[in-house]
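*Asks:* Following this message is one structure expressed as structure tokens.
Just so it is clear, none of the values below were taken in a lab; they were calculated from the coordinates. What you are looking at is a predicted structure, and each value in this text was computed from that prediction instead of being measured. Positions of Cβ are generated from backbone atoms using ideal geometry, with glycine treated the same way; all protein chains shown enter the neighbour counts.
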């Protein structure tokens with residue numbers, strides 16, 4: 001029988017260190033330097049334009065929640081908008097549409 005998934009409050013109750021060190025990066029307790037080196041490598045290579053996100057992968061729904069939230073936050077920060085279409089461009093698009101609709105199949 002698979003283990004019961006943790007609830008969100010239980011996940012949030014974990015210590016900061018546990019949330020930062022997912023099973024993927026966690027190392028045996030007799031190798032603490034390796035874990036610190038992994039953290040140092042992530043901190044040294046993460047930039048504003050190319051950040052790293054260390055996400056616990058042992059809980060799929062939580063992993064997906066964190067990844068989705070990171071994507072939404074990044075996209076909202078881009079201030080995306082549809083391009084402005086001039087009257088001349090609109091007329092060109094209308095002509096192209098007419099041609100496509102009258103084309104024989």
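*Asks:* Sorting 71, 42 on the 10 Å Cβ count, fewest up front, what's the list?
*Replies:* The most exposed by this proxy come first: 71, 42.
*Asks:* Could the peptides 54-67, 73-86 be put in order, highest first, of the mean number of other beta-carbon atoms found within 10 Å of their residues?
*Replies:* Most protected by this proxy first, the peptides run 54-67, 73-86.
*Asks:* Further question: Which order do 95, 48 fall in if you start with the one that has the fewest other Cβ atoms within 10 Å? The partial results should precede the final answer.
*Replies:* Working: 95 10, 48 5.
Ranking 95, 48 by Cβ neighbours within 10 Å, fewest first, gives 48, 95.
*Asks:* If you don't mind, there's one more thing I want to ask. How high is the FRET efficiency between residue 100 and residue 80 when r is their beta carbon distance and R₀ equals 25 Å, given to the nearest 0.05?
*Replies:* After rounding, the FRET efficiency stands at 0.35.
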